[in-house]
Amino acid sequence: MTSVMDVPADIAPGRLSPREYEVNFDDATPPLNRKQALIEAARCYFCYDAPCMEACPTGIDIPSFIRKIATDNVKGAAVTILEENIMGGTCARVCPTEILCEQACVRTAQEHKPVTIGALQRYATDWLFDREIQPFTRAEPTGRKVAVVGAGPAGLSCAHALALHGHDVTVFEMQPKAGGLNEYGIAAYKMTNDFAQREVDFILSAGGITVEYGKALGRDITLAQLRADYDAVFLGIGHNAVNALRIAGEDLAGVSNAVDFIAALRQAPDKSALPVGRKIVVIGGGNTAIDVATQSKRLGAEDVTIVYRRGPESMSATGAEQEWAQTNGVRIKYWAQPRTLVGSGGSLREVEFEYTVLDEAGRLAGTGEVFRVPADMVFKAIGQSFVPSAVGEEGFAEILEFQPDGRFAVNEDRQTSLANVFAGGDCIGGIDLTVSAVQDGKVAARAIHRLLTGS
Amino acid sequence: MANLVSNFVGIRSPNPFWLASAPPTDKEYNVVRAFRAGWGGVVWKTLGEDPPVVNVSSRYGAFSYNGTRVAGFNNIELITDRPLDINLQEIKSVKRQFPDRAVVVSLMVPCEEESWKRILAQVEDTGADGIELNFGCPHGMSERGMGSAVGQVPEYVEMVTRWCKQHSRMPVIVKLTPNITNILGPARAAKRGGADAVSLINTIQSIMSVDLDVMAPTPVVDGKGTHGGYCGPAVKPIAMRMVADIARDPECQGMAISGIGGISNWRDAAEFISLGASTVQVCTAAMHHGFRIVEEMADGLSNWMDGKGFGDVKAFTGMAIPNYVHWEDLNLNYKIVAKIDQDTCIKCGLCHIACEDTSHQSIAALRIDGGRRYEVIEEECVGCNLCMHVCPVEDCITMERLDDGSSYMTWKEHSNNPMRREAAE
Ligand SMILES: Cc1cc2nc3c(=O)[nH]c(=O)nc-3n(C[C@H](O)[C@H](O)[C@H](O)COP(=O)(O)OP(=O)(O)OC[C@H]3O[C@@H](n4cnc5c(N)ncnc54)[C@H](O)[C@@H]3O)c2cc1C
Ligand SMILES: Cc1cc2nc3c(=O)[nH]c(=O)nc-3n(C[C@H](O)[C@H](O)[C@H](O)COP(=O)(O)O)c2cc1C
Ligand code: SF4
Ligand code: SF4
Ligand code: SF4
C-alpha cells in the first residue's frame with residue numbers, strides 16, 4: 001500500500017481554463033444598477049439618530065447618502081460618503097457590513113434583511129469614480145509639513161485630510177505601490193479592476209501629497225530624522241510580522257505565510273501562472289484564513305481545509321465569511337490544533353492535529369487524540385503582529401510607549417507619547433479593518449491640524 | 001358566498017366592477033379580453049362625431065413614488081380616434097357575445113341638440129345598456145367646447161342631460177369633472193336634467209413632471225408638453241370626498257353613483273361603495289397590471305363581505321355616509337394618546353423626530369444603558385396620529401382612548417365658540 005508520504009507533492013500552476021480564472025477572480029458581488037439602487041434606497045427609513053451611522057467606524061451619514069441616492073443625487077451621495085471616509089469606495093467592497101452598519105440597520109431588527117448599505121455606498125462612489133470627478137479642493141498652502149509613514153488606509157486617510165487643510169504631506173512607503181493591504185492583502189474578487197490604484201490616484205489628485213516609494217522607516221529613514229524635518233509625524237505602518245506556529249516542520253517546502261501568498265496573488269497579472277497545491281490546509285480563524293482558503297480553491301486546489309482550534313462563534317472571521325468559504329467548497333474543521341508538520345524529502349506531506357476542548361476552567365486544552373490531514377501546502381494564518389524593533393533601530397522603545405502586545409500606545413486623538421507623533425491603523429490595534437484604519441487617519445489628521453494651527 | 005350581482009339603474013352586470021371609459025375599452029379586442037377576464041361591465045371609450053380626433057405620439061406621464069411605479073398617472077389623449085361606425089359595429093358585436101355584461105357607451109359631441117339626437121339613435125341601435133355623458137375630459141376636448149368645458153357649467157350639464165333623456169330610452173349616467181370648486185353644482189344640475197346616475201371622477205388637470213433637461217412638461221411631445229388628466233391611486237382620496245358629498249346631499253338623493261378614481265383592489269372598491277357608490281369603474285390599475293386584477297377584486301370583495309355578513313353589495317352601499325359628518329359635529333371630548341409597543345419598536349427614531357420637530361414634543365428620545373428607547377409623554381400628546389403614521393412597523397404605535405366615552409360635546413356647544421348654541425335647559 002502506498003502511503004501519502006510516498007507520493008510527491010503536487011504543486012502546480014494552470015489548473016484551470018482561462019475562462020475559469022476570469023470568472024473566479026471577477027467581482028464576487030456585482031454592483032447595483034440604477035434601478036436596483038433606487039429600489040434598495042427606497043427601503044431605507046431615513047432614521048433619526050440612525051443606529052447604522054453609529055455602527056460605522058467612520059460615522060458616515062448613512063441615512064443622508066441613501067436619501068440622496070433615492071432622489072437621484074448620486075454625486076451628493078458620494079460626497080457625503082467621502083467626506084467622512086475617503087476610502088468609501090474600498091470600504092463599500094470590503095467592510096464586513098454584517099457586523100457593522102448593516103447589523104445595526106433597523107430593518108435587520110424588523111425583518112432580518114438590512115438595507116444593503118455597502119452595495120449602495122459602492123453604487124454612489126463608483127458613480128463618482130467612473131466620471132473622474134474630484135469633489136475636493138485644497139485650501140491655500142499653509143507651509144506646514146507633515147510626514148506620513150505608510151501609504152495604507154490609515155496613512156492615506158491622514159495625508160488626504162491634512163493636504164486638504166493646506167499642509168504639505170510627504171508619505172514614505174516601503175513598497176513600490178501605495179494602498180497598503182488594499183493593494184497587497186484584500187481578496188482579489190473584492191477589489192477588481194485595479195480599484196486600489198484608482199482610489200490611490202483619486203486621493204492623490206486632490207494635491208498636496210508627495211509619495212516617496214521604496215522608503216522604509218528603520219532602513220532608509222528614522223523617526224528622529226522625521227521629527228527634526230517635519231512639524232508632525234503620522235505612523236500608519238500596519239502589521240509587520242506574522243505569528244509563527246512554533247511547531248516542528250515550519251521550514252518544510254510548501255509551508256508559508258498566508259499573507260505572503262495573498263500578496264503574490266494580488267500582484268500576479270496572470271493568475272494561471274501561480275502554482276497552487278492540490279491539497280491545502282489553512283491554519284487559523286480570521287479573515288486571512290478565509291481569504292487564502294477561498295482564493296486557493298478558486299485557483300484550482302482540489303481539497304482545501306481550514307482548521308481552527310475553537311468553535312465557529314469564536315472565529316474572528318464573521319459568520320458570513322465562514323459561509324462564503326464554505327459555499328466556495330472550503331471545508332472548515334473546528335476544535336483542532338496543529339501538532340506537527342510532517343514532510344518527506346524536505347517537502348510537506350501531512351499535518352498532524354490534536355482535537356481540542358475547553359476544560360472546566362474554560363481554557364483550551366488538547367485531548368491527546370490526533371489525526372492527520374494530507375497537504376501539499378500549508379498556509380499559516382494565525383494572526384499578524386507589530387514588532388517595534390523592526391522599525392526602530394535607533395531605540396524606538398526608549399522614546400515611545402507601547403501596548404503590552406507591542407503596538408503603539410495612543411490617546412483618543414491617536415497621539416503617541418510624543419506630542420508630535422501620531423499613529424493609527426493596524427499598528428495601534430483595535431478592530432483590524434480598513435474602515436477603522438481610515439477613521440484613525442482622519443481623527444489623527446484633525447488633531448495634527450489643531451496642533452499645527454493652534455486652533 | 002356573497003352575491004356580487006349588480007343592478008345599476010336597470011343596467012345588470014355579474015359584478016360591480018366596470019372598466020372606465022379609456023384605452024382599455026377602446027376596441028372590441030380589448031373589451032372581449034376584459035369580459036373573458038371577468039369584468040362586469042365596460043364604459044366604452046368616448047365616442048364623438050366623425051371625422052375622428054387625432055392623437056399625438058407620447059401620451060402618458062407617470063408618477064412613481066419611492067419605488068412604487070405609477071402611483072399617479074396622466075394622459076394627454078383625446079376621445080376615441082377611430083371612426084364612429086367601426087366603434088358602433090364593435091359595440092353591437094360585443095353586446096351580442098356578452099349579453100350578461102354591462103355595455104355603456106360614453107359620448108361627447110358638440111353642445112348642440114341635433115348632434116346629441118343623432119348619435120343617441122345610433123348608440124341605441126347597438127343594443128348598448130346605457131350612455132355616459134363625458135363632461136369630464138380636462139384637456140384637448142374642453143378647448144373645443146366639449147368635455148369639462150360643459151361639465152364646469154351646471155346649466156349646460158342640465159340642458160344636455162335633458163336632451164339625452166328626451167331623445168333616448170337608455171339610462172343616462174353623467175360623468176363629472178373634478179376640475180371644479182364644488183362638485184354639488186354639476187351633480188345637482190344633472191339631477192334636475194333627469195340623470196339616472198352620476199359617475200365620478202374624471203381626471204384632474206395636471207402637469208405630471210418637468211423634464212429638466214428639455215425644460216418642458218412631460219409627457220414631452222417634440223420638445224413641448226401640455227397639461228393632462230391625472231388619475232391612478234394618488235387621486236382616490238379626492239374622488240372619494242366628491243362621491244361622499246353627493247351621496248349625502250339631500251338634493252341628489254335618488255341618483256345612483258358609479259365611483260371612479262384610483263380604484264386598484266377590492267378594498268378601494270369597498271370604500272367607494274361604503275360611501276354611496278353602487279358600481280365602481282377602473283382604468284389606471286388595469287392599464288398598469290392588465291385585466292386579470294378583476295379576479296382579486298371580485299374574490300377579495302366577496303370574502304370580505306362574507307366575513308362581515310353582507311349578502312349583497314346593496315347591504316353596505318352608503319353605509320359610511322351617516323358617519324361622514326361636518327367637522328362641527330365631531331366629539332371634542334374624545335381623547336386618544338399614542339402608545340408604543342416597546343417589543344416591536346425597531347428604534348428608527350422617526351416618531352420622535354416627527355413629533356419633536358413638527359408636532360407636540362411628546363415622544364422622548366432616551367438612552368438607557370446606551371440603548372435607544374422612545375417613550376410617549378402622555379400629558380403632552382394631543383392624539384394627532386402623526387407618529388402612528390410615520391412608524392414603519394405595523395401596529396407598533398397605536399392610539400389608545402383615554403376618555404370614558406360618557407360625554408359628547410361638539411363645537412356647536414363649546415365655550416370658545418362665539419356662536420354656540422346654549423344647551424337646552
Ligand atoms: C489577507 C487580509 C485580508 C483582509 N481583508 C479585509 C477585508 O475584507 N475587510 C477589511 O475591512 N479589512 C480587511 N483586512 C484588514 C485591513 O486590510 C487592514 O486592517 C488595513 O489595511 C489596515 O490599514 P493600515 O493602513 O493600518 O495598514 P496597511 O494596510 O498594512 O498599510 C501599511 C502600509 O505601511 C507600509 N509600511 C509598513 N512598514 C513600513 C515601514 N517600516 N516604512 C515604510 N512603510 C511601511 C506598508 O507597505 C503599507 O503600505 C484584511 C487584512 C488581510 C491581511
Ligand atoms: C389614457 C386615458 C384616457 C382616458 N380617456 C377617457 C375618455 O375618453 N373618456 C372618459 O370619460 N374618461 C377618460 N379617461 C378617464 C378615466 O375613465 C377615469 O375616469 C380616470 O382615469 C380615473 O380612474 P382611474 O384612477 O381608475 O384611472 C381616460 C383616462 C386615461 C388614463
Ligand atoms: S438603520 Fe437602516 S433604515 Fe435606518 S437609516 Fe440606517 S440604513 Fe436606513
Ligand atoms: S399623536 Fe401627535 S402629539 Fe401625540 S405623540 Fe404622536 S405625534 Fe406626538
Ligand atoms: S417610529 Fe416606531 S419603530 Fe421607530 S422608534 Fe418610533 S415606535 Fe419605534
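The values are calculated or read from the model by the stated rules, or taken from the named source; none is laboratory data. Just so it is clear, the structure is predicted and the values come from calculations on it, not from any experiment. Because the Cβ atoms are built from the backbone with ideal geometry, glycine has one as well, and the counts that use them run over all protein chains shown. Side chains included, ligands, DNA and RNA excluded: accessible areas come from the protein's heavy atoms. Shrake-Rupley method; radii C 1.70, N 1.55, O 1.52, S 1.80 Å.
Accessible area, 1.4 Å probe, largest first: how do A:TYR48, A:TYR123, B:TYR334 sort?
B:TYR334, A:TYR48, A:TYR123
On full extension of the chain, what length is gained from B:SER406 through B:ARG12, given 0.36 nm per residue of separation minus the C-alpha to C-alpha distance?
Roughly 137.2 nm would be gained on extension.
If each of A:SER272 and B:HIS288 carries a label point 7 Å out from its Cα toward its Cβ, how far apart are those two points in nm?
Rounded to a tenth, the inter-label distance reads 5.2 nm.
At 1.4 Å probe size, with no ligands or nucleic acids counted, give the accessible surface of A:LYS68 in Å², nearest ten.
Roll a 1.4 Å probe over it and A:LYS68 shows about 60 Å².
Please report the accessible area of B:TRP304 (heavy atoms, 1.4 Å probe, ligands and nucleic acids excluded) in Å², nearest 10.
Estimated to the nearest 10 Å², B:TRP304 gives 70 Å².
Which GluC sites (Glu not before Pro) in the range A:105-201 sit in a loop by DSSP (not H, G, I, E or B) and have at most 15 other Cβ atoms within 10 Å of their own Cβ?
Passing sites in the range A:105-201 are A:GLU132.
Per-residue HN-Hα couplings for the range B:319-327, Karplus 6.51 cos²θ - 1.76 cosθ + 1.60 at θ = phi - 60°, whole Hz, x for Gly and Pro?
Coupling constants for the range B:319-327: 5, 8, 5, x, 8, 8, 10, 7, 3 Hz.
Figure the gain on full extension for A:ASN33 and A:LEU358 (residue separation times 0.36 nm, minus the Cα-Cα span) and round it to one decimal in nm.
112.2 nm
Nearest 100 Å² is fine: how much accessible area is buried between A and B, summed over both sides, with a 1.4 Å probe?
Between A and B, the summed buried area is about 1100 Å².
Mean-square fluctuation check for chain B, GNM, Cα pairs under 10 Å: which of B:GLU379, B:GLU49, B:GLU271 is largest?
Residue with maximal mean-square fluctuation among B:GLU379, B:GLU49, B:GLU271: B:GLU379.
Find the all-direction average of the projected area of the Cα convex hull for chain B, expressing the result in square nanometres with one decimal place.
26.2 nm²
How long is the gain from B:ASN331 to B:THR398 if the chain were fully straight, where each residue apart is worth 0.36 nm and the alpha carbon distance is subtracted?
Contour length minus the Cα-Cα distance gives 22.1 nm.
Could you tell me, in Å, what Rg and Dmax come out for the Cα atoms of the range A:1-159?
Answer for the range A:1-159, Rg first and Dmax second: 21.0, 78 Å.
Considering only B:LEU47, B:PRO392, A:LEU274, whose Cα is most displaced toward the positive end of the charge dipole of the protein assembly as shown, charges sitting on Cβ of Lys, Arg (+1) and Asp, Glu (-1)?
B:LEU47
In peptide A:42-51, how many Cβ atoms from other protein chains are near each Cβ within 10 Å, on average?
So the per-residue partner count for this stretch is 6.
Assuming R0 = 45 Å, can you tell me the calculated FRET efficiency for the pair B:THR358 and A:GLU313, based on Cβ-Cβ distance, to the nearest 0.05?
Calculated value: 0.50.
Quick one: in the range B:7-131, what % of C-alpha pairs are over 22 Å apart?
40 percent
So how far, in whole Å, is the C-alpha centre of the range B:356-381 from the one of the range B:217-243?
40 Å
With a cut-off of 8 Å between alpha carbons and a minimum separation of six or more residues, what is the relative contact order of chain A in percent?
Relative contact order here is 18 percent.
At a 10 angstrom cut-off on C-beta neighbours, averaged per residue, how do the peptides A:23-35, A:135-147, A:74-86 rank from highest to lowest?
Answer by packing, highest mean first, reads A:74-86, A:135-147, A:23-35.
Would you calculate a helix-derived [θ] at 222 nm for chain B, using -39,500 (n - 2.57) for each DSSP H run of n ≥ 4 and dividing by the full residue count, to the nearest 500?
Result for chain B, helices only: -8500 deg cm²/dmol.
In square nanometres, what is one fourth of the surface area of the convex hull spanned by the alpha carbons of the range A:12-76?
7.3 nm²
Hey, what did the range B:327-401 get for relative contact order, percent, Cα under 8 Å, at least 6 apart?
That works out to 42 percent.
Let me have the relative contact order for the range B:47-195, percent, based on Cα pairs under 8 Å that are six or more residues apart.
Result for the range B:47-195 is 20 percent.
Using helices alone, what [θ] at 222 nm do you get for chain A, with -39,500 (n - 2.57) per DSSP H run of 4 or more residues, divided over all residues and rounded to the nearest 500?
Calculated mean residue ellipticity at 222 nm is -10000 deg cm²/dmol.
Using the Karplus curve 6.51 cos²θ - 1.76 cosθ + 1.60 with θ = phi - 60°, what ³J(HN,Hα) values do you get for each residue of the range B:9-16, in whole Hz, with x for Gly and Pro?
So the Karplus estimates, Gly and Pro as x, are 6, x, 8, 9, 8, x, 8, x Hz.
So for each of B:212-222, A:98-108, A:256-266 I average, over its residues, the number of other beta carbons within 10 Å; can you give me the resulting order with the highest mean first?
In descending order of packing, they fall as A:98-108, A:256-266, B:212-222.
Of the heavy-atom accessible surface of chain B (probe 1.4 angstrom), what whole percent is carbon and sulfur?
51 percent
Based on the alpha-carbon set only, what is the convex hull volume of the range A:218-328 divided per residue, in Å³?
182 Å³
In angstroms, what radius of gyration and Dmax does the protein assembly as shown have, counting Cα atoms only?
37.4, 115
Apply the Kirkwood formula to chain A: the hydrodynamic radius equals the inverse of the mean of 1/r over all pairs of different alpha-carbon atoms; give it in Å with one decimal.
23.4 Å
Can you compute the equivalent ellipsoid semi-axes for the range B:327-401, i.e. the square root of 5 times each eigenvalue of the Cα gyration tensor, sorted largest first and rounded to whole Å?
Each semi-axis is √(5λ); the values are 23, 12, 11 Å.
Set the Förster radius R0 to 22 Å, insert the Cβ-Cβ distance between B:ARG169 and B:GLN89 as r into 1/(1 + (r/R0)^6), and round the FRET efficiency to 0.05.
For R0 = 22 Å, the calculated efficiency reads 0.55.
Within a 10 angstrom radius of each residue's Cβ in B:341-348, how many Cβ atoms of other chains show up on average? Whole number is fine.
5
For the protein assembly as shown, what proportion of DSSP beta bridges, expressed in % and rounded to the nearest 5, is antiparallel?
Antiparallel: roughly 45 percent of the beta bridges in the protein assembly as shown.
Just the number please: accessible area per residue for the protein assembly as shown, 1.4 Å probe, all protein chains included, in Å².
44 Å²
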